[in-house]
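Below: one structure, written as structure tokens.
The values are calculated or read from the model by the stated rules, or taken from the named source; none is laboratory data. It should be emphasised that the depicted structure is a prediction, and the values quoted were computed from it without experimental measurement. Virtual Cβ from ideal backbone geometry, glycine too; neighbours counted across all protein chains shown.
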Amino acid sequence: MNICMVGTGYVGLVTGACFADFGMDVVCVDKDATKIAALQRGEIPIYEPGLEEVVARNERAGRLRFTTDLPAAIKSSLAIFIAVGTPPLQDGSPDLTFVRQVAEAIARHMNGYKVVVTKSTVPTGTGKMIELTIREKNGKHPFSVVSNPEFLREGSAISDFLRPDRVVIGAEDPRAIEVLKEIYSPLFLIDTPFLVTDVASAELIKYASNGFLAVKISFINEIARLCELMGADVHAVAKGMGLDRRIGPKFLHPGPGFGGSCFPKDTAAAADLARQHGYAFRIIEATIRVNEETKARMVEKIAAAVGPLAGKTAAVLGLSFKPQTDDIRESPALAVVADLLSAGARVRAFDPAAMENAKASFPDILLARDAYDCADGADFLVIATEWNEFRALDLARLGSLLKTKALIDLRNVYEPAEIRAAGWSYTCVGRQ
Ligand code: NAD
């Protein structure tokens with residue numbers, strides 16, 4: 001089957017490459033000609049473990065192509081996936097301009113029956129908008145609109161895509177449901193649950209899922225705060241909670257707040273969507289507020305540990321919003337960097353993958369070669385993103401490079417007793 005993936009970013013590229021791995025003929029389209037030229041040269045524009053191999057394998061097999069020619073890709077495909085960005089506007093609502101543009105292009109260039117599938121995260125009602133847009137501009141050819149939200153996580157996107165907890169298909173047309181089932185047929189063979197719903201419910205499942213996960217993170221961050229005030233240990237509390245199967249252990253790790261391209265955007269969009277329907281989604285609104293406060297609290301923690309920040313040099317390890325990605329969108333680590341700079345500190349930073357991306361937003365920070373170069377001559381050390389390589393640092397060497405042996409571990413990577421026994425001043429989140 002011929003598939004067109006419009007938008008070749010984190011989601012479009014992973015999804016397109018994996019569909020090709022399923023045996024489909026996939027053409028990935030992007031309006032960013034530089035990105036497409038790089039992909040045509042075999043260069044992968046994002047850091048995502050395992051992606052390069054899947055792309056190379058399928059390109060070699062002739063099942064995966066890259067182009068900027070959207071009209072031709074629409075014409076040659078039965079299923080057209082929309083995986084363009086839906087960034088937040090000032091009021092928290094997602095900007096659907098790109099989605100609308102693609103719907104208009106489909107209407108203009110379709111040459112027969114098409115299944116139009118939304119992979120981008122979009123508010124409930126977007127499927128209807130796509131349908132109206134296409135119908136208005138092209139009443140001639142039949143088409144079906146499907147919502148197929150994506151749940152992959154950056155950093156483990158390939159395995160998430162190939163072994164998902166579920167595939168959600170929001171569609172009302174049996175013909176379109178069959179097309180989607182055919183595309184995902186390898187996942188049927190491994191008994192992946194398929195949930196077929198109406199379009200509006202599928203759209204809401206994505207916001208409800210991300211909203212709930214964000215609630216869990218803000219919840220444990222508030223518990224961490226309580227632990228600090230009351231002398232308890234958040235890890236013990238999280239473990240005790242997580243062993244209850246009704247709660248589960250995931251997403252109960254305290255830290256500097258949630259970030260990334262999804263949770264902040266999707267919680268804001270969910271709150272906005274509710275408001276548009278005359279309802280205040282109070283749990284999500286509180287979750288967003290707690291997250292903002294959690295992020296802001298980190299620089300206070302640092303100042304409490306090392307004293308006034310003006311004139312001091314911070315060595316910051318980790319800039320991406322989580323390990324195993326170069327994505328810095330809404331990264332809590334960068335919020336910490338910004339707060340350190342506003343407090344008059346200088347920042348030296350190191351990240352295994354995200355330094356290129358961070359350089360554009362923070363031209364004034366000094367980017368180091370590795371963790372030790374980062375610490376060299378700095379006043380104190382901050383772990384802002386828990387890359388594995390920061391879990392086994394040579395603490396003696398780091399201590400000799402820093403002006404003071406002060407570590408502010410915003411991801412609770414180290415054991416307080418051990419590191420203090422090695423003579424460090426150690427500050428973490430939700431533990432004494
Ligand atoms: P991204 O910014 O990495 O990629 C989007 C791509 O779309 C860009 O390359 C952009 O150039 C391209 N684009 C925009 N308008 C276009 C047009 N008219 N024609 C062709 N290409 C166009 O974004 P992403 O992280 O891949 O996210 C895409 C969507 O998937 C968003 O709605 C996001 O919320 C959702 N999503 C993201 C993730 C994630 O982990 N990144 C997970 C699940 C869902």
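Quick notes on this one:
- Hits in segment 82-112 - residues which are of a type in the set (V, I, T) and either within 10 Å of the ligand (Cβ to nearest atom) or under 18 Å from the mean Cα position of the chain (by Cα) (or both): I82, V84, T86, T97, V99, V102
- Every listed requirement among (1) over 13 Å from S218 (Cβ atoms); (2) surrounded by fewer than 24 Cβ atoms within 10 Å (Cβ to Cβ); (3) within 16 Å of the ligand (Cβ to nearest atom) is met by H277 save one, (3).
- Residue-level analysis places P193 outside the set of residues that are under 30 Å from S144 (Cβ atoms), more than 16 Å from the ligand (Cβ to nearest atom), more than 26 Å from the chain's Cα centre (by Cα) and surrounded by fewer than 15 Cβ atoms within 10 Å (Cβ to Cβ).
- Flag for R397 being more than 16 Å from the ligand (Cβ to nearest atom) and of a type outside the set (A, V, I, L, M): yes
- Tally of residues being out of contact with any strand residue (DSSP E or B) (no Cβ under 7 Å at 6 or more places or on another chain) and within 15 Å of the ligand (Cβ to nearest atom) across segment 8-26: 5
Matching residues to (1) under 18 Å from V122 (Cα atoms); (2) loosely packed, with under 15 Cβ neighbours inside 10 Å; (3) away from the ligand (no atom under 16 Å from the Cβ):
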site: A269; (1), (2), (3): yes, no, no
site: E293; (1), (2), (3): no, yes, yes
site: A304; (1), (2), (3): no, yes, yes
site: P308; (1), (2), (3): no, yes, yes
site: K312; (1), (2), (3): no, no, yes
site: L317; (1), (2), (3): no, no, yes
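- Applying a threshold of 8 Å to beta carbon distances and a minimum spacing of six or more residues, or different chains, the list of pairs starting in segment 46-71 at a residue that is touching a residue at least 12 places away in the same chain (Cβ under 8 Å) and under 30 Å from N388 (Cα atoms) and ending at one that is within 15 Å of the ligand (Cβ to nearest atom) and acidic (D, E) reads I46/D326; I46/D327; Y47/D326; E48/E154.
- Any chance G139 is within 14 Å of the ligand (Cβ to nearest atom) and either without any contact (Cβ under 8 Å) to a residue 60 or more places away in the chain or over 28 Å from D191 (Cα atoms) (or both): no
- Conditions (1) closer than 18 Å to F161 by Cβ; (2) within 11 Å of the ligand (Cβ to nearest atom); number of the one not met by V29: (1)
- Residues located in segment 319-349, provided they are surrounded by 24 or more Cβ atoms within 10 Å (Cβ to Cβ) and of a type in the set (A, V, I, L, M, F, W, C): L319, F321, I328, A333, L334, V336, V337, L340, A345, A349
- Subset of segment 90-103 [in a loop (DSSP other than H, G, I, E, B) and either at pLDDT 95 or above or under 12 Å from P123 (Cα atoms) (or both)]: G92, S93, D95, L96
- Subset tally (residues that are in a loop (DSSP other than H, G, I, E, B), in contact with a strand residue (DSSP E or B) (Cβ under 9 Å, 6 or more places away or on another chain) and either more than 16 Å from the ligand (Cβ to nearest atom) or not polar (S, T, N, Q) (or both)) for segment 35-74: 3
- The set of residues in segment 106-120 being in a helix (DSSP H, G or I) and either more than 18 Å from S77 (Cβ to Cβ) or touching a residue at least 40 places away in the same chain (Cβ under 8 Å) (or both) is empty.
- Residues being in contact with a Ser or Thr (Cβ under 8 Å, 6 or more places away or on another chain) and of a type outside the set (G, A, S) - total across segment 130-151: 7
- All positions within segment 201-256 that are more than 17 Å from the chain's Cα centre (by Cα) and among the polar types (S, T, N, Q): S201, N221
- Taking the criterion of being without any contact (Cβ under 8 Å) to a residue 60 or more places away in the chain and surrounded by fewer than 21 Cβ atoms within 10 Å (Cβ to Cβ), the residues of segment 121-132 that qualify are M129, E131, L132.
- Filtering segment 378-394 to residues that are within 20 Å of I302 (Cβ to Cβ) and either among the acidic types (D, E) or touching a helix residue (DSSP H, G or I) at 6+ places or on another chain (Cβ under 7 Å) (or both) leaves D379, F380, L381, V382, I383, A384, T385, E386, F390, L393.
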